[in-house]
């Protein structure tokens with residue numbers, strides 16, 4: 001995705017909103033791709049403990065917070081977003097795992 005202008009070069013609120021809309025669409029597209037991987041990983045999991053994957057969850061949260069900080073974002077906000085994402089992904093994986101039995 002290529003945005004037409006950098007944020008500082010935008011001259012109107014509409015240009016900024018258009019760029020934000022483009023970014024949000026790309027973020028959603030990437031979440032969709034991530035979702036496909038989340039569904040596929042169930043093939044390699046063997047039950048409750050491997051689906052919950054507590055150690056992996058904590059590693060991901062720590063890493064995402066660090067990445068957020070490196071990019072000038074609020075690490076606590078990113079942790080909150082990823083906690084919700086992980087919670088929903090665990091629920092999805094349990095549903096998929098139960099269906100394959």
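Every number here is computed from the coordinates shown, using simple stated rules; none is lab data. Note that this is a predicted model, so its numbers are computed, not measured. No Cβ is skipped: glycine too gets one built from the backbone with ideal geometry, and neighbour counts run over all protein chains shown.
Tabulated data for the structure shown
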quantity: Computed [θ] at 222 nm, deg cm²/dmol, the chain (DSSP H ≥ 4; -39,500 (n - 2.57); rounded to nearest 500); calculated: -25500 deg cm²/dmol
quantity: Shape category assigned to segment 1-44 from the gyration tensor of Cα positions, a/c cut at 1.5; calculated: prolate
quantity: Relative contact order computed over segment 1-98 (Cα-Cα under 8 Å; 6+ residues apart), in percent; calculated: 27 percent
quantity: Fewest-first ranking of 1, 78, using other Cβ atoms within 10 Å as the exposure measure; calculated: 1, 78
